[in-house]
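**Student:** Provided herewith is a single structure, encoded as structure tokens, for subsequent inquiry.
The values are calculated or read from the model by the stated rules, or taken from the named source; none is laboratory data. In this text, all values refer to a predicted model and were calculated from it rather than measured experimentally. Cβ coordinates were reconstructed from backbone atoms using ideal geometry, including for glycine residues, and neighbour counts include every protein chain displayed.
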């Protein structure tokens, strides 16, 4: 029976191939063996005993300033708000609403740790050993979107979302106020020329904020679906924003003209004078086209002449150079 002999060049490649396939097989086997355990761990809920919610009052003992700001916000009144209570009871007190309007909501037990959106709703349950043991938080839209999905969906469709401008770039999460003394002052941090264009300058002169147009929201509350309404975080200006203020003037020319006083009489027009003016302009156009064609042909002729001269000189120089080379070679 013939035997296969490996050359010295083939042996390293064989060793490489065996090692590669061996470790690939081991990796696949490891993934298969550990998959059930991982799935089981993920399906097992965290025991309630490991999640200790201390409460907002406890956090306020060390953070009194932040706690004082939070107490006046909609987060603090997310459950006790009369608006929420009326809507919630009107929909049959559905427990699903409590996922955002309470802290530490347990879907399986239908219970919660605290009313409202407290510190631990965002920072997580109190960590024993804090402050030495940190309570990390990711300050980005992913955290806010757990409850403010409509707003974050609008934000993702906006230019702000496209450049990665996060919620906390504009909003203070503790007092829920803009990070400036006014909306316009906040926008000017990036958009430093708010008076650019006619519309911006006239609206600014009238005392309007950027949000009056760029975050316009219809006052019609009947469009709310499950308590959710558009929040204007696409920052785009549509016709509804104009109509909201200019209801009597949009697409009504007569009304606009009546605001400025009596309409001036239309000037009398002489049809013969207009016809003569049209003929004069047509004659001027034909004259310009003719002169343009003449300039084109003149330019082509001049270019051809210059090209012939330069080409002849170049050909003479090259032939002269070749002749000198031949003479030097014969010598």
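**Student:** Please go through (1) in contact with a helix residue (DSSP H, G or I) (Cβ under 8 Å, 6 or more places away or on another chain); (2) surrounded by fewer than 16 Cβ atoms within 10 Å (Cβ to Cβ); (3) modelled with pLDDT under 90 for residue 187 and return the number of the only condition it doesn't satisfy.
**Tutor:** For residue 187, the exception is condition (2).
**Student:** Given the structure, is residue 124 on the phi > 0 side of the Ramachandran plot and over 16 Å from the mean Cα position of the chain (by Cα)? Spell out how you get there, then give the answer.
**Tutor:** Working: on the phi > 0 side of the Ramachandran plot: yes; over 16 Å from the mean Cα position of the chain (by Cα): yes.
So residue 124 passes the test.
**Student:** Any residue in the range 138-155 that is more than 26 Å from residue 53 (Cβ to Cβ) and touching a helix residue (DSSP H, G or I) at 6+ places or on another chain (Cβ under 6 Å)?
**Tutor:** Within the range 138-155 (the criterion being more than 26 Å from residue 53 (Cβ to Cβ) and touching a helix residue (DSSP H, G or I) at 6+ places or on another chain (Cβ under 6 Å)), the answer is yes, since at least one residue qualifies.
**Student:** Something else about it: So, in the range 50-69, exactly how many residues are outside any loop (DSSP other than H, G, I, E, B) and in contact with a helix residue (DSSP H, G or I) (Cβ under 7 Å, 6 or more places away or on another chain)?
**Tutor:** Number satisfying all stated conditions: 4.
**Student:** Right, next: Which of the residues spanning the range 115-144 are surrounded by 15 or more Cβ atoms within 10 Å (Cβ to Cβ) and without any contact (Cβ under 8 Å) to a residue 40 or more places away in the chain?
**Tutor:** Across the range 115-144, the qualifying residues are 115, 123, 127, 135, 141, 143, 144.
**Student:** If you take the residues in the range 70-105 that are part of a loop (DSSP other than H, G, I, E, B) and touching a strand residue (DSSP E or B) at 6+ places or on another chain (Cβ under 8 Å), which one is farthest from residue 144 (Cα to Cα)?
**Tutor:** Here the residue is 80.
**Student:** Now for a different question. List pairs: first residue in the range 161-189 and touching a residue at least 60 places away in the same chain (Cβ under 8 Å) and on the phi > 0 side of the Ramachandran plot, second residue loosely packed, with under 15 Cβ neighbours inside 10 Å and assigned to a helix (DSSP H, G or I) anywhere in the structure, Cβ distance under 9 angstrom, at least six positions apart or on different chains.
**Tutor:** Final answer for the pair search is none.
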